[in-house]
Amino acid sequence: MASLNIAIIVGSTRPGRYGAAVAAWVYEQASGRADARYEVIDLERTKLPLLDESVPALLGQYEHQHTRDWAATVARFDGFVFVTPEYNHSTSPALLNALDYVYGEWNNKAAAFVSYGTSYGVRAVEHLRGVVGELQMADIRNQVRLQLPGNFPDRVFTPSPEHHQQAADLFDQLERWAGALRAVRS
């Protein structure tokens, strides 16, 4: 079987965000894995406007080029690691917007979460699990939880040894599900 393609999506576009540093660490942890290729997708670089499609994504009739480009990006991957902050007991508006833009391109793919916030970002992930379920994605149980400010002394991301093990467990489970769902899609 060909290697799996997994996207690490930086789920915040906020100035001064921690997400880019966390995603870089996730990518570093994933490098060298034998069964999957990981790639960072930064929502800041996609420049998706607030959802502006007149037809629901479920129909796959994308009117705008930025939507077609985003759909092509999402379609290339077998699974996703969503790096999400927790804002007001939920995820970021930028990540929800990106999820809402397309539909079929998410279907039957695996989703994992790396979260951060004062409550470790767990409420953001709880919210995202319902969203990705509606997009017909399989969310895995294992996640990496990072605490603000504890894992970000002096605004510098500092993972602990337990986070390295959490990431390894996340990748193992994500790759199993992404591989199984690839078979479902074909």
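Quick look at the numbers
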quantity	calculated
Scan of segment 131-159 for residues that are under 11 Å from ALA111 (Cβ atoms) and hydrophobic (A, V, I, L, M, F, W, C), ordered by number	VAL131, VAL132, LEU135, MET137, ALA138, ILE140
Contacts under 6 angstrom Cβ, first residue in segment 73-89 being within 20 Å of VAL184 (Cα to Cα), partner acidic (Asp, Glu), 6 or more apart	VAL74/GLU105; ALA75/GLU105
Matching residues in segment 167-183 - criterion: being over 16 Å from ARG37 (Cβ atoms) and either β-branched (Val, Ile, Thr) or touching an Asp or Glu at 6+ places or on another chain (Cβ under 8 Å) (or both)	LEU181
Any hit, segment 144-152, residues being part of a helix (DSSP H, G or I) and over 17 Å from VAL10 (Cα atoms)	no
Residue in segment 163-186 that is farthest from GLY150 (Cα to Cα), counting only those that are of a type in the set (S, T, N, Q) and surrounded by 15 or more Cβ atoms within 10 Å (Cβ to Cβ)	GLN173
Criterion: of a type in the set (A, V, I, L, M), farther than 15 Å from VAL22 by Cα and surrounded by 15 or more Cβ atoms within 10 Å (Cβ to Cβ) - qualifying residue of VAL132, VAL144	VAL132
Residue match in segment 20-27 (condition: in a loop (DSSP other than H, G, I, E, B) and not aliphatic (A, V, I, L, M))	no
Failed item in (1) in a loop (DSSP other than H, G, I, E, B); (2) modelled with pLDDT of 95 or more; (3) out of contact with any strand residue (DSSP E or B) (no Cβ under 6 Å at 6 or more places or on another chain), with GLU44 passing the rest	(1)
Exclusive hit being touching a residue at least 60 places away in the same chain (Cβ under 8 Å), within 18 Å of the chain's Cα centre (by Cα) and either surrounded by fewer than 14 Cβ atoms within 10 Å (Cβ to Cβ) or under 18 Å from GLU134 (Cα atoms) (or both), set ASN5, ASN108	ASN108
Single residue of segment 153-186 satisfying the filter (outside any helix (DSSP H, G or I) and small (Gly, Ala, Ser)) that is nearest to ALA20 (Cα to Cα)	SER160
Unmet requirement for GLY130, which otherwise passes all of (1) of a type outside the set (D, E, K, R); (2) within 26 Å of ARG14 (Cα to Cα); (3) in contact (Cβ under 8 Å) with a residue 40 or more places away in the chain; (4) part of a helix (DSSP H, G or I)	(3)
Test for ALA111: is it part of a helix (DSSP H, G or I) and not acidic (Asp, Glu)	no
From the options PRO93, PRO49, PRO85, residue that is crowded, with 21+ Cβ neighbours inside 10 Å and modelled with pLDDT of 95 or more	PRO85
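The values are calculated or read from the model by the stated rules, or taken from the named source; none is laboratory data. Please read all numbers here as calculations on a predicted model, not as lab measurements. Glycine gets a Cβ as well: all are built from the backbone with ideal geometry, and neighbour counts include every protein chain shown.
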